[in-house]
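Q: Following this message is one structure expressed as structure tokens.
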Amino acid sequence: MKKQSLHGTPGAGTRDMVQVALFAALIVALAFLPFIGYIPLGFTKATTIHIPVIIGSILLGPQKGAVLGGVFGLTSLINNTLYPTATSFVFSPFYSAGAFKGGWASLIICFVPRILVGVIPWLVWHLLEPRLGNSRTGRLFSLGLAGFVGALTNTLLVMNGIFLFFGDAWAAAQDKAGQFVYGLILGVIGINGVPEALVAAVLTAFVASALLRAGVNGPAKR
């Protein structure tokens, strides 16, 4: 098997740039189409935007995946600034709700987990693909697990970041007592995060598998 670098094959730069642009355009479209990319749930927003970031990570590699994750984070910042919920201050330093204000930690929560969503699925897939990728079932499983882990990366890091930096304020913004804050965090992880991860697993498995067969891949190509 010929070893490939993370930068892809010579002459592939233009193709990769076009692919990154297409994925970024899809992320932006999902972000600003009502009730598709960010689905309001009152106290929070469910997301589907992590799915093209995950698929882009697998197809294009961790560097370009990180760029797509950064686009995801930017759309989250803009969305929570312009179309806020009661707790949007945890994602935007430009939004405040009464006594509750965002800050530098909002940018960490908004960007760092989303950038890692563009990196970790590639790592999971490349760990499993050499062992399982020789069969269709094995490839679907490895892609699905990469999608599941990628989605949970977003949920777990975001929600634990909220607990670390804004726990009491986040609970108070929802009229909840501070001592119950981690119970609320676990509730969001269970109610939102796990279903999001399952959906991401299924879509990543079938969409990424089809795109790989069609030759839509950069540094991951074997």
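Q: With each pseudo-label sitting 7 Å past Cα toward Cβ, what's the Ser135-Thr14 distance in nm, one decimal?
A: If labels sit at Ser135 and Thr14, their model points lie 4.2 nm apart.
Q: Counting only heavy atoms of the protein chains, get the accessible area per residue of the chain (1.4 Å probe) and round it to a whole Å² value.
A: On the way: 10410 Å² over 222 residues.
That works out to 47 Å² for each residue.
Q: Next up: Express in nm, to one decimal, how much length is gained between Ala21 and Leu211 on full extension, taking 0.36 nm for each residue of separation and deducting their alpha carbon distance.
A: That works out to 66.8 nm of additional length.
Q: First measure r as the distance between the Cβ atoms of Trp104 and Leu33, then evaluate 1/(1 + (r/R0)^6) with R0 = 45 Å and state the FRET efficiency to the nearest 0.05.
A: Taking R0 as 45 Å, the efficiency between Trp104 and Leu33 is 0.90.
Q: Quick one: angle between helix 136-172 and the longest Cα principal axis of the chain, in degrees between 0 and 90, rounded to 10, please.
A: Approximately 20 degrees, to the nearest ten.
Q: If you don't mind, another one. Would you check the accessible area of Met159, probe 1.4 Å, heavy atoms only, in square angstrom rounded to 10?
A: Spelled out: Met159, probe radius 1.4 Å, area about 10 Å².
Q: Between Tyr182 and Val202, what's the calculated FRET efficiency when r is the beta-carbon distance and R0 is 35 Å? Round to 0.05.
A: 0.75
Q: Mind listing the Cα extents of the chain along all three principal axes, in Å, largest one first?
A: Computed over the chain, the largest-to-smallest principal extents equal 58, 32, 27 Å.
Q: On a 1.4 Å probe surface of the protein chains, which of His50, His126 comes out largest in accessible area, and what is the full order?
A: Result of the area sort, largest leading: His126, His50.
Q: Sticking with this one: Ignoring everything but the protein chains, give the 1.4 Å probe accessible area of Asp16 in square angstrom, nearest 10.
A: 0 Å²
Q: How do Ser96, Ser76 rank by accessible surface area computed with a 1.4 Å probe, from largest to smallest? Walk me through the intermediate numbers first.
A: Working: Ser96 55, Ser76 0 Å².
Highest to lowest solvent-accessible surface, that is Ser96, Ser76.
Q: Quantify, in whole percent, the carbon and sulfur part of the accessible surface of the chain (1.4 Å probe; protein heavy atoms only).
A: Within the chain, the accessible surface is 72 percent carbon and sulfur.
Q: Using the beta-carbon distance between Leu82 and Leu156 and R0 = 30 Å, what value does 1/(1 + (r/R0)^6) give for FRET efficiency, to the nearest 0.05? Don't skip to the answer; put the middle values down first.
A: Details: r = 26 Å, r/R0 = 0.88.
After rounding, the FRET efficiency stands at 0.70.
Q: From the protein chains alone at 1.4 Å, what is the descending order of accessible area for Trp170, Trp122, Trp104, largest first?
A: Trp104, Trp122, Trp170
The values are calculated or read from the model by the stated rules, or taken from the named source; none is laboratory data. The model shown is predicted, which means the values in this text are computed figures rather than measured ones. Reconstructed Cβ throughout: ideal geometry from the backbone, glycine too, with neighbour counts over all protein chains shown. In case anyone asks, the SASA skips ligands and DNA or RNA and just uses the protein heavy atoms, side chains included. Shrake-Rupley method; radii C 1.70, N 1.55, O 1.52, S 1.80 Å.
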